[in-house]
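Below is one structure, written out as structure tokens; comments come after it.
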Amino acid sequence: MDWLANVEAMVHHSRIKVPYTWSVGETGSRFFVELRDHRRILGRRCEGCRTVYVPPRKMCARCFQDTGAWVEVGPEGTLLTYTIVRYANELQPVKAPLAYGIIQLDGASTGLVHLLGDVDLKAIRSGMRLAPVFQEKRAGTILDIAYFQPVKAA
Amino acid sequence: MPNRVAIVGTGQTHHCTRRLDVNGVELIYEAVQRALADAELKIQDIDGVIIGNMDHFEGINYVDCWSIDGSGGFGKPTMKLTTGGTTGSTLAIGGYHMVASGMFDKLLVIGWEKNSESDTTGAITTAFDPIWDRLVFAGAISGLAVEASVYMATYGVTEKDAARVTVRDRRHACLNPYAHLRKEVTIEEVMSSARLSDPLKLLDLCPRTDGACAVIFASENVAEKICPKPAWILGTANRHLYTYLGDADFVNLPSLQRASAELYKKTGIREPLKQIDVMELYIPYSFAGLSWIEALGLCKPGEAPRLLWDGVTDLGGELPINASGGVISCNPIGATGLIRCAEAALQIMGKADKRQVPDVKIALSSGFGGCFWSDVLLYGARKPL
Amino acid sequence: MERVAIVGVGQIQQERNKVQDTFADMVFEATTKALEQAGIGIRQIENVVSASNDFWDGRTISSMAINDACGSYDKNISCVEGDGTFAAFYGMTRILSGAYDTTLVVAHCKGSESHSAHITNAMFDPLYVRSLGVDSIGSAALQARRYLDRYGITEEQCALVSVKNHGNAFRNPCAQLPLKLTVADVMKSRMLADPIKLLDASPISDGACAIILAREPVARKITDRPVWIRGVGYCADAYHLGDRDLAECDALSKASQKAYQMGGIRNPRKELDVVELYDAFSYQELLWTEGLGLCGRGEGGKLVESGATQMKGEIPVTPSGGLLSAHTVTAAGLVRIAEAVLQLRGGAGEHQIPGAKTALAHGVNGPCGQSHCVWILGV
């Protein structure tokens, strides 16, 4: 097995390139249209357990039935948890350090994962009140909300 | 003691080119709701979920986790099985063992695919070894074209013989409201369709489909209470023989030969053509409808064209194959093998509507994919001893 | 229920970059070692269940890469896409179904061959979360913050886990990162995503693991040291991070309750001799010890501070060094089972817990521990 000691361990560099066109579905489409056209955030309520899902869901996983009413939520909400990411990866929409949070919008039962912006990173605390900042030009994606920023105290 | 296992309910979406109205999770939910309705069960009655698809077709990692809202797996034991094109049949086999083990009484088995969301060839190409195969042998079609060429050269089978398979499957599909392609085609139309990879033409091949299928497997403790005529699983077998395309034996699909030989041996099938009443086969392209039924032992190698032309495998013939229209009429890949299982079960249960074969006692379903891999299952109307 | 035993396990050296080895090489090595430990040949393996992940492998039918290498030629075979603990469950059912006497379960992963940020970002929903650039570390940090805030767990308590596990790794030849650390070392290490620092996180690793299951009568013929599967349970939580209370782990509680019930364990803290859990991050060991019922809710920090989870403690946790010392993703849970088996066979060498008779092994799938699989093994 001497040859193993002298083998040149080769490495083949490559990338997988598979483009995707995900169907948003009718429920998700309504949510994104509202973001894009009206800067409103919608949730959907399960009439069985009254959970208001944000992002809206076509079905309630717990009751396993179709959700019912559309409910406008927020715009403000409470920060449930957060982190400040210090390292860069190619996928980040803004430069590191960047902050993520899970925000429970007023009227929603679930939390929405999003970016926190225009904020002193050292001052972020769970329980903070936040409000969405919308992009000027919106395309009907989750990034139509640029980030959530702390509500200015009155 | 292991439990005997039966299928007590099935559900499918109406398979089509593109479902823009639902995302993947919602597509899955549709099939699951239909299966529950078919079995007259609620999600609370289900003890566990297994689900599968081919990852790179939708680009979602950990699909069992991602789909939990729609799969019914929330708060339950949930896991993903996947083996490429054989995913659906791998899932069916999984459903059997999981319930036979006694660990589950009622297991929900889900296969799905939203092929519209990606470039199928681009995604399938990633299945093959990046060092040896991927750079030179792209997509699913080329391998099958090679197999077809070998078959033609070995036995003198013609493109017209193969076209008869497409004609059969596409005609059957007209009776199946769930099938994707529901328009008959003629031999001439197949022969004059666009050449893609010699000798394969467009109409020799299966479509790309969005669809989901859910099947409920139940143990003997509950099966007969749920369903008056459940479809009992009599046996399962598979062979995933090859790792590199160059290793594959392109004559007579050895994986199917060996898997079916094992299945027949343990279930007492000595003359499949006589003893099996209906087959739902994963035939992704026309020539396979000839060479692979030889692999299944329905006739000697090279003789399959005769069975086709004599109408033996048509509805009304001695052994109808793909009463559902098969894969040539419908191919949501992760679901396809499971749809074969569901269709075989429907035949046993007497629920196959216009495509029902009379008096089905024994049915067989198969799966195909990967590197010329095969899975097979046998179903029976009578509870096994 | 008929009894099923694990009759042999095989692990390979876990490393940052096994540049000499392909997936197949790793799987062949692990499989060969498992067969050697069991003292049987590949022909006595009646079926195979592999575990892998298409994204980590960069191939859409990841099982294809290792088909030959796990000796599955001309056998019945299947593949679970997920952690090896789940694959082992399926492998067990294929014996209990009466179909096979023995099952080989093998898992692999080569973190070195991809960018983990891309791979883990792909776990997140493409419509709502993926474009935010979230990956496994960022999401774990969201969970860690919630957990620490809710229960007053401190970063220093998390650091103790890192100190313990990297220290334990010195006694495990297969571990990748034995490190002599203090709490201060961990606290000073580079912040990745608050509160997770470099030494709170698991490394990138290459590895594979194989285990062989057998029905009781066959197990007894194969080995005089069968390790019995006493109980197993698995359970999945909600998917969207905002649908879950990340400070809790209901899915783990449910999974472990099922496993305990099946295994006749009423007081896990007392009855378990060793625990190998899926510590992808230091805070997770604390949270999972709560979910496993080794201590009360919110008491994971106190538990590690007490020293009870040290190797010489009352309930040793991850004497192998855990994921913090080597994180082979889909193989990591199977490694936990293999480690538990070694403990119960008296074969864990320098990280042996003396007299271990009952062990727990744990695996995880999905973001922030969405889905858990718990094994109770005994001799």
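Per-residue answers, yes or no, for (1) assigned to a helix (DSSP H, G or I); (2) crowded, with 23+ Cβ neighbours inside 10 Å; (3) of a type outside the set (Ser, Thr, Tyr); (4) more than 9 Å from chain B (Cβ to nearest Cβ):
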| residue | (1), (2), (3), (4) |
| --- | --- |
| C:17 | no, no, yes, yes |
| C:27 | yes, yes, yes, yes |
| C:37 | yes, yes, yes, yes |
| C:50 | no, yes, no, yes |
| C:55 | yes, yes, yes, no |
| C:59 | no, yes, yes, no |
| C:65 | yes, yes, yes, no |
| C:74 | no, no, yes, no |
| C:78 | no, yes, no, no |
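Residues in region B:128-172 that are aliphatic (A, V, I, L, M) and in contact with a His (Cβ under 8 Å, 6 or more places away or on another chain): B:131 alone. Taking the numbered list (1) closer than 30 Å to residue C:29 by Cβ; (2) in the same structural domain as residue C:345 (by TED's automatic domain parsing); (3) basic (Lys, Arg) in turn, residue C:221 passes all entries but (2). Among the residues of this structure, residue C:100 counts as one that is surrounded by fewer than 24 Cβ atoms within 10 Å (Cβ to Cβ), over 15 Å from residue C:329 (Cα atoms), in the same structural domain as residue C:25 (by TED's automatic domain parsing) and in contact (Cβ under 8 Å) with a residue 40 or more places away in the chain. Here is the figure for region A:22-75: residues that are part of a strand (DSSP E or B) and in contact (Cβ under 8 Å) with a residue 24 or more places away in the chain total 11.
If we scan region B:64-73, do we find a residue that is among the aliphatic types (A, V, I, L, M) and outside any helix (DSSP H, G or I)? No, because not a single residue in region B:64-73 is among the aliphatic types (A, V, I, L, M) and outside any helix (DSSP H, G or I). Of the residues making up region B:297-347, those that are of a type in the set (Gly, Ala, Ser) and either in a loop (DSSP other than H, G, I, E, B) or farther than 27 Å from residue B:370 by Cβ (or both) are B:297, B:302, B:311, B:316, B:317, B:323, B:324, B:325, B:326.
Residue check: residue A:107 meets all listed conditions (1) more than 11 Å from every other protein chain (Cβ to nearest Cβ); (2) not in a loop (DSSP other than H, G, I, E, B) but one, namely (2). Within region C:265-281, is even one residue surrounded by fewer than 21 Cβ atoms within 10 Å (Cβ to Cβ), free of Cβ contacts under 8 Å to residues at least 24 places away in the same chain and not charged (D, E, K, R)? So far as region C:265-281 goes, yes, one or more of its residues are surrounded by fewer than 21 Cβ atoms within 10 Å (Cβ to Cβ), free of Cβ contacts under 8 Å to residues at least 24 places away in the same chain and not charged (D, E, K, R).
Filtering region C:118-133 to residues that are in a loop (DSSP other than H, G, I, E, B) and more than 7 Å from chain A (Cβ to nearest Cβ) leaves C:122, C:123, C:124, C:125. Just to be sure before I move on: is residue C:107 closer than 24 Å to residue C:325 by Cβ and touching a Leu at 6+ places or on another chain (Cβ under 6 Å) in the structure I sent? So residue C:107 fits the description; yes.
Screening region C:237-257 for residues that are closer than 20 Å to residue C:82 by Cα and in contact with a Cys (Cβ under 7 Å, 6 or more places away or on another chain) and picking the one that is surrounded by the most Cβ atoms within 10 Å (Cβ to Cβ) gives C:255.
Quick one: which strands (runs of 3 or more DSSP E) sit completely within region B:179-253 and have at least 1 residues that are within 14 Å of chain C (Cβ to nearest Cβ) and touching a Leu at 6+ places or on another chain (Cβ under 7 Å)?
Correct list: B:210-219, B:231-239.
Here residue A:60 qualifies as within 9 Å of chain B (Cβ to nearest Cβ), hydrophobic (A, V, I, L, M, F, W, C) and under 24 Å from residue B:108 (Cβ atoms). In region C:134-143, is there at least one residue being of a type in the set (Val, Ile, Thr), in a helix (DSSP H, G or I) and more than 21 Å from residue C:303 (Cα to Cα)? Scanning region C:134-143, I find at least one residue that is of a type in the set (Val, Ile, Thr), in a helix (DSSP H, G or I) and more than 21 Å from residue C:303 (Cα to Cα), so the answer is yes.
The values are calculated or read from the model by the stated rules, or taken from the named source; none is laboratory data. Please read all numbers here as calculations on a predicted model, not as lab measurements. When we count neighbours, we look across all protein chains shown, and the Cβ atoms used for this are built from the backbone with ideal geometry, even at glycine.
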